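Here the structure comes first, spelled out in structure tokens, and everything after it is commentary.
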Amino acid sequence: MSANKDQPHVMVLPEDDANRQLADGFYLQVESNRQRRMQILRPARGWTKVRDQFVSVHAREMRDCPLRFMVLLLDFDSDIERLARVRAQVPADLMERVFIIGALSEPEALKQAGLGTYEEIGSGLAKDCREETDTIWGHELLQHNASELDRLRQHVRPILFPSI
């Protein structure tokens, strides 16, 4: 379902199908609370494609839609500098509304670490966001997201979990 463009909303651009499944688990927690505040886009099929698709398509759309926030959900492939490289491509006027997050290696490692299925992990991440806890976000494969998570909680949490 599409997000309501006349209300504050969050679009998620996942790198691959595993990231899409994480977003789906998150979405299930959100949409039980608030209709049409979040939309998950088709996987871009690679972190460079997430970056390029954001720059070529979504940046322009965000300027036309000032109530839109964007989450770029990618694998870091154990390259912590990837955040800075992707962030450098985000136009300055959109930086406050764009969030770059993902597993330090890849989502498969989260599953192998015993955190559950992708959807269960995504659901746990949503619960952490809603309750301002770090049960899942505090895992060693997700800790590097701390600064982006702080910004997400500040800007996006009121949209996705408004009753809190």
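Just need the Rg to Rh number for the stretch 1-61, please, alpha carbons only, Kirkwood Rh.
0.99
Give me the net charge for the shell around Met62: Cβ to Cβ below 10 angstrom, other residues only, Lys and Arg +1, Asp and Glu -1. Can you show the working numbers first?
Working: positive: Arg60, Arg63, Arg68, Arg97; negative: Glu61, Asp64, Asp93.
Its environment carries a net charge of +1.
Per DSSP H run of at least 4 residues, take -39500 (n - 2.57); add these up for the chain, divide by its residues and hand me the 222 nm value, nearest 500 deg cm²/dmol. Don't skip to the end; give the middle numbers.
Values: 8 runs with 66 residues, N = 164.
That comes out to -11000 deg cm²/dmol.
Listed highest first by mean packing, meaning other Cβ atoms within 10 Å per residue, what order do 119-125, 103-109, 156-162 come in? Don't skip to the answer; put the middle values down first.
Working: 119-125: 21.4, 103-109: 19.4, 156-162: 17.1.
By packing density, highest mean first, the sequence is 119-125, 103-109, 156-162.
With only alpha-carbon atoms in the gyration tensor, what are the semi-axes of the equivalent ellipsoid for the stretch 120-164, in Å, largest first? Please list the in-between numbers first.
Details: eigenvalues 59, 31, 10 Å².
Ellipsoid half-lengths, sorted descending, are 17, 12, 7 Å.
Taking every pair of alpha-carbon atoms in the stretch 9-160, what share in percent sits in each 10 Å bin, from 0 to the bin with the longest distance?
For the stretch 9-160, the pair-distance distribution reads 11, 46, 37, 5, 0.
So what is the relative contact order for the chain, in percent, with contacts set as C-alpha pairs under 8 Å and at least six apart? It would help to have the intermediate numbers written out before the result.
Numbers: 275 pairs, mean separation 45.9, N = 164.
Relative contact order for the chain comes out at 28 percent.
Most exposed first by the Cβ proxy, i.e. fewest other Cβ within 10 Å, how do Thr135, Thr48 rank? Before the final figure, lay out the partial values.
On the way: Thr135 12, Thr48 15.
Placing the least packed residue first, the sequence is Thr135, Thr48.
Charges at C-beta only: +1 for Lys and Arg, -1 for Asp and Glu. How large is the resulting dipole of the chain about its Cα centre, in Debye rounded to 20?
Value, rounded to 20: 700 debye.
Per 0.36 nm of contour for each residue apart, how much would the distance between Arg63 and Thr48 grow if the chain were fully extended, relative to their Cα-Cα spacing?
Working: separation 15, 0.36 × 15 = 5.40 nm, distance 2.17 nm.
Length gained between Arg63 and Thr48: 3.2 nm.
Which far-off residues, 5 or more places away or on another chain, put their amide H under 5 Å from the one on Phe69, with H placed in the peptide plane?
Answer set, sorted by chain and number: His9, Val10, Met11.
Specify the longest stretch of the chain that does not include any exposed loop site, a site being one of the trypsin sites (Lys or Arg not before Pro) with a non-H, G, I, E, B DSSP assignment and at most 16 other Cβ atoms within 10 Å. Spell out each step's value before the answer.
Values: sites that count: Lys5, Arg34, Arg36, Arg45.
Free of exposed loop sites, the longest segment is 46-164.
Going by how many other beta carbons lie within 10 Å of each one, how would you line up Val71, Val57, fewest first? Please report the intermediate quantities before stating the final value.
Numbers: Val71 24, Val57 12.
So the ranking, lowest neighbour count to highest, is Val57, Val71.
According to the Cα gyration tensor, what semi-axes, each the square root of 5 times an eigenvalue, does the equivalent ellipsoid of the stretch 86-149 have, listed from largest to smallest in whole Å? List each step's numbers first, then the result.
Details: eigenvalues 110, 39, 18 Å².
The answer is 23, 14, 10 Å, longest axis first.
We did not get these values from a lab; they are worked out from the coordinates using the rules stated. Quick caveat, the model's predicted, so the values are computed rather than measured. Note: ideal-geometry Cβ built from the backbone for every residue, glycine included; neighbour counts use all protein chains shown.
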